[in-house]
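A.B. asks: Below: one structure in structure tokens.
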Amino acid sequence: MGQERILVTGANGFVGKYMVRELLSRDYEVVCFIQPGTSEEPLSGLDIELKWGDLRDKDSLIPAVAGAQAVIHLAAAVAVPDPRTNFEVNVTGVQHLMDVCKLNDVERVIAYSSISAKRQRAGAYAHSKKQSESILSDSQAHVTIFRPDLIYGNGSGGLRKIIKQVKAYPLFIPMVGKGEIIRQPVYVRDIVKLTADVIPNPTSFNKAFDVGGETPIRFRELVLMIADEFGVNKTIFPIPRWTAKLVAYALEEISPNPAFTSDNVLGLIESTDFDAAATIRELSFTPTPLRAGLKRAIHELSKDIV
């Protein structure tokens, strides 16, 4: 197993930088597929092989996949409102990856989808993730699909947004709706460890797993827990859903990469049949307790520790 070659797509992203380090700690040979124009700094100093390319360009995947025994697919178009971009990257890109895997006899693929793929009302991102899951499930490879809830840690966009909202106003914390949606945040170090654990595990083959922390929590309680870690004592200020939707649509009209999207709004108001208990039971997953994980993540964020 020590010489096994693993390809990681999106290796310089938030989860990717942790994934690469986890694999290296287990003596895997790691190939990192990253998009031209993005920074390789998150992977600086690591004993890896870099391959530059784009999921939309099938030919660029060929040298990256060649020689790999397994692929961990993290790359995706995220927080991009344009339906075309979501489709090209998250759907066509996945088809390209699976085609190239088949050509190279790569039989093991672990792919990250999203909790949003299970929502009844789906935006462009969520819809593309649903479609990509169908492609993955229909392939002949041994595929494991992970649908994570909010992944938190140093580099997490979701955690940074919450911290920003907690600190932004003197007397209150703005929130879409009342924050009643149930979440099960998962610590990034836990999910990358789980991913590495299941590479050789046939129990996970050809299945999809919801991945989250052990204890469900209302979103408002999560925000207040994070506020408490910063010594902040403020009141939640609910923002009507229609107001949030209008703001999101307006931002999407003026920016190709808005800070707040209609998919974000759906994530804050739409529940799913998320079931992390099955993952904990079937894969012997032991997530870090939320309060302890948040303390560690906030410390790592403040010190920029990976």
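A.B. asks: For the range 226-258, give me each residue that is closer than 19 Å to Leu268 by Cβ and of a type in the set (Gly, Ala, Ser).
C.D. replies: Ala227, Ala244, Ala248, Ala250
A.B. asks: Filter the range 16-30 down to residues that are in contact with a Pro (Cβ under 9 Å, 6 or more places away or on another chain) and either within 21 Å of Arg56 (Cβ to Cβ) or free of Cβ contacts under 8 Å to residues at least 40 places away in the same chain (or both), then give me how many there are.
C.D. replies: Step one: list which residues in the range 16-30 are in contact with a Pro (Cβ under 9 Å, 6 or more places away or on another chain), which gives 16-17, 20.
Of the ones still in play, those that are also either within 21 Å of Arg56 (Cβ to Cβ) or free of Cβ contacts under 8 Å to residues at least 40 places away in the same chain (or both) are 16, 20.
Count: 2.
A.B. asks: Name the pairs: first residue in the range 139-158 and touching a residue at least 40 places away in the same chain (Cβ under 8 Å) and on the phi > 0 side of the Ramachandran plot, second residue crowded, with 20+ Cβ neighbours inside 10 Å and of a type in the set (A, V, I, L, M, F, W, C), Cβ to Cβ under 6 Å, at least 6 apart or on different chains?
C.D. replies: Correct list of pairs: Gly153/Val188; Gly153/Ala297; Gly155/Phe14.
A.B. asks: While we're here: Can you list the strands (runs of 3 or more DSSP E) lying wholly within the range 112-219 that have 2 or more residues being farther than 30 Å from Arg26 by Cα and touching a Lys or Arg at 6+ places or on another chain (Cβ under 6 Å)? Working first, answer last.
C.D. replies: Working: elements: 142-148, 172-176, 207-211.
So the answer is 172-176.
A.B. asks: Same structure, new question: Looking at Val106, Val89, Val80, can you tell me which residue is part of a loop (DSSP other than H, G, I, E, B) and under 22 Å from Ser262 (Cα atoms)?
C.D. replies: Values: Val106 fails: under 22 Å from Ser262 (Cα atoms); Val89 fails: part of a loop (DSSP other than H, G, I, E, B).
Selected residue: Val80, the only one of Val106, Val89, Val80 that is part of a loop (DSSP other than H, G, I, E, B) and under 22 Å from Ser262 (Cα atoms).
A.B. asks: Another question, then. With respect to Ala244, determine if the residue is in contact (Cβ under 8 Å) with a residue 24 or more places away in the chain, in contact with a strand residue (DSSP E or B) (Cβ under 8 Å, 6 or more places away or on another chain), assigned to a helix (DSSP H, G or I) and closer than 23 Å to Ser156 by Cβ. Spell out the reasoning first.
C.D. replies: Working: in contact (Cβ under 8 Å) with a residue 24 or more places away in the chain: yes; in contact with a strand residue (DSSP E or B) (Cβ under 8 Å, 6 or more places away or on another chain): yes; assigned to a helix (DSSP H, G or I): yes; closer than 23 Å to Ser156 by Cβ: yes.
When the stated conditions are applied, Ala244 passes them.
A.B. asks: Also, I was wondering about something else. The conditions are (1) over 19 Å from Val223 (Cβ atoms); (2) free of Cβ contacts under 8 Å to residues at least 12 places away in the same chain, and Ala168 fails exactly one of them. Which is it?
C.D. replies: The failed condition is (1).
Each reported figure results from applying straightforward, stated rules to the coordinates on display, with no laboratory input. Keep in mind the model is a prediction, meaning the values are calculated, not measured. We place every Cβ from the backbone using ideal geometry, glycine too, and count neighbours over all the protein chains shown.
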